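To start, the structure itself, in structure tokens.
The values are calculated or read from the model by the stated rules, or taken from the named source; none is laboratory data. Note that the structure is a prediction, hence the values are computed from the model and not measured. Here the Cβ positions follow ideal geometry from the backbone for every residue, glycine too, while neighbour counts run over all protein chains shown. Ligands, DNA and RNA are stripped out before the accessible areas are found, and what is left, the full protein with its side chains, is counted by its heavy atoms. Shrake-Rupley method; radii C 1.70, N 1.55, O 1.52, S 1.80 Å.
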Amino acid sequence: MDPKAISALQAALEVAQAEAAGLREELEETNRGVLALYAELDTQAEALRQATELKSRFLAYMSHEFRTPIGAIRSIARLLIDRMDGPLTAEQEKQVRFIQDTAAEFSDMVNDLLDLAKVEAGRIEISAGWFELVDLFSALRGMFKPVLTNPDVTLVFEEPQNVPRLYNDDRKLAQILRNFISNALKFTTHGEVRVSARRLDDDSVCFAVRDTGIGIAAEHHYAIFRDFAQVDSPIQKHLRGTGLGLSLSRQLAELLGGHVHLESEPGKGSVFSVTLPLRLHRPGDTPPVEPAP
Ligand code: ADP
């Protein structure tokens, strides 16, 4: 080969090698940058985890500590209303009843906060067992009887259709349904609130609470299942609530192996539902065996 061509080739090779070395250097620098970014992300994720844990611990501690004084306020108000300490004027009775109602609301809020903190800290106990849906519905019917004060709204429990004995945590399921039903009653001024259960397939059952109330615009459907979310409405203005119930229900449903769902349109009412497996089977658990009837 012509020596000139050889030296030209050699020169081109050297240039290419120098370029490759430069690129390698750049790549290594980028790699170091990416590693530093990962380390930073890890530190931030750890800080976030610690902050979340601290928040849950604070909520759990605070709500637990609030229970005793709220209990004392409620008992004293009860004593006054029962005239244990002498007569009350009509105005005094009104005021004591106001204290009683506010303390009851406060107590609900503290219980919701405590449950939410427990769920977030992974400390809520799920205790699954066999139960019949008719028993759960009849317990809920009994629980709501005393609060059905609006004659324009009826609460109907449908006969469960084709739903076998269930294996799940009936108390947690009752807590979710209680929350859906009390919301439905709060936001319905006339018509009905209908509770039903229907088997979807071999593995799951869907519980629905349908109301003929004010309904919820689509843009709020996602948010109301998050902590402290409430929708501005004329009814909402007269009601105090915590905005925690639906968030808690969503998280409980997930712990029970299912999920919540909402269909609603303003003015047309709402359907809040929860779909659960017929038999809760968590990893590591032995599969449930149905006892003889
Ligand atoms: P709370 O009822 O204590 O405010 P929730 O988390 O249970 O908290 O509900 C959040 C919000 O979702 C309510 O404040 C209300 O605005 C809306 N909502 C819930 N259920 C219904 C319903 N059945 N009809 C209309 N709005 C509802």
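So here's what we get for this one:
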{"read-out": "Checklist (1) within 23 Å of R165 (Cβ to Cβ); (2) within 16 Å of the ligand (Cβ to nearest atom) applied to G245, failing item", "value": "(1)"}
{"read-out": "Verdict on S264 being within 8 Å of the ligand (Cβ to nearest atom), more than 23 Å from T149 (Cβ to Cβ) and modelled with pLDDT of 95 or more", "value": "yes"}
{"read-out": "Any hit, the stretch 119-141, residues being touching a Gly at 6+ places or on another chain (Cβ under 9 Å), under 13 Å from L244 (Cβ atoms) and either open to solvent by less than 30 Å² (accessible area, probe 1.4 Å) or aliphatic (A, V, I, L, M) (or both)", "value": "no"}
{"read-out": "Residue check for T52: closer than 30 Å to D112 by Cα, within 41 Å of the chain's Cα centre (by Cα) and exposed (fewer than 10 other Cβ atoms within 10 Å of the Cβ)", "value": "no"}
{"read-out": "Condition check for T154: part of a loop (DSSP other than H, G, I, E, B) and either over 23 Å from R282 (Cβ atoms) or without any contact (Cβ under 8 Å) to a residue 24 or more places away in the chain (or both)", "value": "no"}
{"read-out": "Search result, residues across the stretch 211-229 that are part of a loop (DSSP other than H, G, I, E, B), of a type outside the set (S, T, Y) and either touching a residue at least 40 places away in the same chain (Cβ under 8 Å) or more than 13 Å from G243 (Cα to Cα) (or both)", "value": "G213, I214, G215, I216, A217, H221, D227"}
{"read-out": "Within the stretch 23-56, tally of residues that are within 30 Å of V110 (Cα to Cα) and either among the hydroxyl-bearing types (S, T, Y) or touching a strand residue (DSSP E or B) at 6+ places or on another chain (Cβ under 7 Å) (or both)", "value": "2"}
{"read-out": "Residues that are buried (at least 16 other Cβ atoms within 10 Å of the Cβ) and either closer than 26 Å to N111 by Cα or of a type in the set (D, E) (or both), drawn from the stretch 195-215", "value": "V195, F207, A208, V209, R210, D211"}
{"read-out": "Residue check for L177: assigned to a helix (DSSP H, G or I) and closer than 21 Å to V271 by Cα", "value": "yes"}
{"read-out": "Failed item, numbered, when A217 is tested on (1) under 29 Å from D285 (Cβ atoms); (2) more than 8 Å from the ligand (Cβ to nearest atom); (3) of a type in the set (G, A, S)", "value": "(1)"}
{"read-out": "Any hit, the stretch 58-77, residues being in a helix (DSSP H, G or I), more than 31 Å from the chain's Cα centre (by Cα) and at pLDDT 90 or above", "value": "yes"}
{"read-out": "Cβ pairs under 6 Å, 6+ apart, first in the stretch 111-138 and away from the ligand (no atom under 16 Å from the Cβ), second open to solvent by less than 40 Å² (accessible area, probe 1.4 Å) and among the aromatic types (F, W, Y)", "value": "F137/F157"}
{"read-out": "Subset tally (residues that are assigned to a loop (DSSP other than H, G, I, E, B) and closer than 17 Å to I73 by Cβ) for the stretch 100-143", "value": "0"}
{"read-out": "Of residues in the stretch 148-165 being in contact with a helix residue (DSSP H, G or I) (Cβ under 7 Å, 6 or more places away or on another chain) and modelled with pLDDT under 95, the one farthest from the ligand (Cβ to nearest atom)", "value": "V163"}
{"read-out": "Tabulated pairs, the stretch 272-289, first under 18 Å from Q161 (Cβ atoms) and away from the ligand (no atom under 16 Å from the Cβ), second part of a loop (DSSP other than H, G, I, E, B) and open to solvent by 10 Å² or more (accessible area, probe 1.4 Å), C-beta under 6 angstrom, 6+ apart or interchain", "value": "T275/G258; L276/G258; P277/D203; P277/G257; L278/D203"}
{"read-out": "Those residues of the stretch 78-95 which are surrounded by fewer than 16 Cβ atoms within 10 Å (Cβ to Cβ) and assigned to a helix (DSSP H, G or I), in sequence order", "value": "R78, L79, I81, A90, E91, Q92, E93, K94, Q95"}
